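Novice: Structure incoming, see below.
The values are calculated or read from the model by the stated rules, or taken from the named source; none is laboratory data. A quick note: this is a predicted structure, and the numbers were derived from the prediction, not measured. No Cβ is skipped: glycine too gets one built from the backbone with ideal geometry, and neighbour counts run over all protein chains shown.
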Amino acid sequence: MLYLNFSVKKSKKAKTAIVITALAIAAAIIFCAASACGKSKIPDTAERAGAGEYSLKVSDEAGARSFLKGFNIEEVLEKTGEEKIIIPQKFNAVYEKYNELQKQIGLDLTRFKGKSALKTTYRIKSERAEYAVLLTRSGRVIGGHLTSLRYGRGNLPLG
């Protein structure tokens with residue numbers, strides 16, 4: 001509990017003004033802290049049309065394998081790469097198209113513009129592609145796609 005103890009040898013109006021000012025400052029601090037926390041929290045789940053809600057938590061390689069299995073990836077053969085990336089502050093046409101892939105599985109990179117993420121590539125066994133790429137931040141998947149890593153072939157959504 002917060003106690004304010006001060007001595008003012010002024011009028012009752014001055015004391016009231018000081019108390020109101022202190023309360024306003026405290027309210028502003030609480031509001032700003034709550035707003036910042038709400039914006040930076042990454043959700044634990046997302047919802048995919050036709051498949052329902054799924055977990056975004058991926059804290060290690062076993063978690064990534066489990067996550068990909070939820071998208072009918074038959075087998076994760078090996079992790080082939082990992083690098084830190086920055087999601088662009090402003091999306092060009094390529095990133096807008098890439099974000100449309102994310103929206104197909106209930107994700108959206110818009111809230112992560114200008115933020116860092118970890119891009120991890122896995123060689124997979126799947127009829128649709130040879131590699132899966134996951135973008136993670138704070139132990140949560142924020143994006144991902146399937147690819148063949150061949151020039152001229154586009155990325156596919158995870159689901």
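Novice: Name the pairs: first residue in segment 112-131 and at positive phi and in the same structural domain as GLN89 (by TED's automatic domain parsing), second residue part of a strand (DSSP E or B) and modelled with pLDDT of 95 or more, Cβ to Cβ under 8 Å, at least 6 apart or on different chains?
Specialist: Note: pairs meeting the criteria are GLY114/ILE86.
Novice: Considering only segment 64-96, state which residues are without any contact (Cβ under 8 Å) to a residue 12 or more places away in the chain and within 18 Å of the chain's Cα centre (by Cα).
Specialist: GLU96, the sole residue that qualifies.
Novice: Assuming TYR122 fulfils every condition listed in (1) closer than 25 Å to GLY52 by Cα; (2) in a helix (DSSP H, G or I) apart from one, which condition is it?
Specialist: So the condition that TYR122 fails would be (2).
Novice: Please specify each residue of segment 58-84 satisfying the condition of being surrounded by 17 or more Cβ atoms within 10 Å (Cβ to Cβ) and outside any helix (DSSP H, G or I).
Specialist: Scanning segment 58-84 gives VAL58, PHE71, ILE73, VAL76.
Novice: Can you spot a residue in segment 111-122 that is closer than 22 Å to GLY154 by Cβ, of a type in the set (Lys, Arg) and either in contact with a strand residue (DSSP E or B) (Cβ under 7 Å, 6 or more places away or on another chain) or crowded, with 18+ Cβ neighbours inside 10 Å (or both)?
Specialist: Checked against the condition, which is being closer than 22 Å to GLY154 by Cβ, of a type in the set (Lys, Arg) and either in contact with a strand residue (DSSP E or B) (Cβ under 7 Å, 6 or more places away or on another chain) or crowded, with 18+ Cβ neighbours inside 10 Å (or both), segment 111-122 yields at least one hit.
Novice: Which one is farthest from the chain's Cα centre (by Cα), of the residues in segment 97-108 that are outside any loop (DSSP other than H, G, I, E, B) and of a type outside the set (A, V, I, L, M)?
Specialist: The selected residue is LYS97.
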